[in-house]
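*Asks:* Structure incoming, see below.
The values are calculated or read from the model by the stated rules, or taken from the named source; none is laboratory data. Everything numeric in this text was worked out from a predicted model, so none of it was measured. Every residue, glycine as well, gets a Cβ built from its backbone with ideal geometry; the counts of neighbours run over all protein chains shown. These area figures cover heavy atoms from the full protein model, side chains too; ligands, DNA and RNA do not enter into them. Shrake-Rupley method; radii C 1.70, N 1.55, O 1.52, S 1.80 Å.
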Amino acid sequence: MDEGGSPAEWGAVLFWDFDGTLAVREGRWSGALVDAVRRVDPHILLHADQLRPLLQNGFPWHQPDVVVEVTTSAAWWARLRPVVMNAYLAAGITQQVANAAADLLPATYYRPDAWCVLPDAASALERAQRGGYRNVIVSNHAPELPELVRDLGLSRPVELSITSAAIGAEKPNPLIFRRAIDLARAWVDRSWMIGDNPVADIAGAEAVGLRAALVTPTRPESATRGLLTTVELIVASNRHF
């Protein structure tokens, strides 16, 4: 999709978070790091719980106020490599194995069979389309997210996938939302952001004038509405609830 277009091409959009809203990866980032090590040496004993506390800082979305130059996918992963290496070494993985696992991490993280589309996600996206909304993903993710969306079978209801790696800014930074609005040709007063993070998704979207709905599909015991119910209410009322 290009950034131009006549006013007639603009319309109502549902912007969606991806990870934790539409899909989830088994073990998330710590699980991916474990998977990469096991691909190097399946006999190494390493668990996600060992790595999770070591991954609380250093990812781009941990500094959403920082805007970076957008370069190549390889450069994005290279910036992340010190975080990955430090976590591996702190968990007792040897330098040799850590280097080999870090090389495998991009493909390992985005391995489609490690991801699960959350219940009602596909139905909610299709209901949004039928209700006159276009679906656009806006996610703090690595550059390969659009390919994962395709591999998970969501390309038909999702018109565009915008990743922070392609913008150089992380939610809740206003820049990524403004760029998403422009790229999607979204009418701000009729468009919504749907996500599971009250700061990155909800506060970030509302700061640029979008309406927003909090959902927590990975926590069914929560008091938030489900994905399909949320979309039904948006389609039916097109007003804040």
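*Asks:* Test of understanding: among 175, 183, 160, which residue is open to solvent by 20 Å² or more (accessible area, probe 1.4 Å), farther than 18 Å from residue 66 by Cβ and either part of a helix (DSSP H, G or I) or touching a His at 6+ places or on another chain (Cβ under 6 Å) (or both)?
*Replies:* Values: 175 fails: farther than 18 Å from residue 66 by Cβ; 160 fails: either part of a helix (DSSP H, G or I) or touching a His at 6+ places or on another chain (Cβ under 6 Å) (or both).
Criteria check complete, one pass: 183.
*Asks:* Looking only at the stretch 186-202, which residues are touching a Pro at 6+ places or on another chain (Cβ under 8 Å) and open to solvent by 50 Å² or more (accessible area, probe 1.4 Å)? Step through it out loud before you land on a result.
*Replies:* In the first step, residues of the stretch 186-202 are kept if they are touching a Pro at 6+ places or on another chain (Cβ under 8 Å); the result is 196, 199-201.
Within the stretch 186-202, just 199 meets the criteria.
*Asks:* Looking only at residues in the stretch 204-223 that are surrounded by fewer than 16 Cβ atoms within 10 Å (Cβ to Cβ) and over 16 Å from the mean Cα position of the chain (by Cα), which one is modelled with the lowest pLDDT?
*Replies:* First pass over the stretch 204-223, keeping only residues surrounded by fewer than 16 Cβ atoms within 10 Å (Cβ to Cβ): 206-207, 209, 218-223.
After this cut, where a residue has to be over 16 Å from the mean Cα position of the chain (by Cα) as well, the list is 206-207, 209, 219-223.
On the way: 206: 98, 207: 98, 209: 97, 219: 82, 220: 73, 221: 70, 222: 70, 223: 58.
Out of the qualifying residues, it is 223.
*Asks:* Out of the stretch 57-103, which residues are aromatic (Phe, Trp, Tyr) and under 27 Å from residue 43 (Cα atoms)? Even if it seems obvious, please write down each step before you answer.
*Replies:* Here is the first cut: in the stretch 57-103, the ones aromatic (Phe, Trp, Tyr) are 59, 61, 76-77, 88.
Those that are aromatic (Phe, Trp, Tyr) and under 27 Å from residue 43 (Cα atoms): 77, 88.
Quick grid of which residues meet (1) more than 14 Å from the chain's Cα centre (by Cα); (2) crowded, with 23+ Cβ neighbours inside 10 Å; (3) not acidic (Asp, Glu); (4) not in a loop (DSSP other than H, G, I, E, B):
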residue	(1), (2), (3), (4)
116	no, no, yes, yes
125	yes, yes, yes, yes
132	yes, no, yes, no
146	no, no, yes, yes
153	yes, no, yes, no
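*Asks:* Here's another thing I want to ask about it. For residue 40, only one of the following conditions fails: (1) over 16 Å from the mean Cα position of the chain (by Cα); (2) open to solvent by less than 10 Å² (accessible area, probe 1.4 Å); (3) over 24 Å from residue 212 (Cβ atoms); (4) not acidic (Asp, Glu). What is its number?
*Replies:* Of the numbered conditions (1) over 16 Å from the mean Cα position of the chain (by Cα); (2) open to solvent by less than 10 Å² (accessible area, probe 1.4 Å); (3) over 24 Å from residue 212 (Cβ atoms); (4) not acidic (Asp, Glu), the odd one out for residue 40 is (2).
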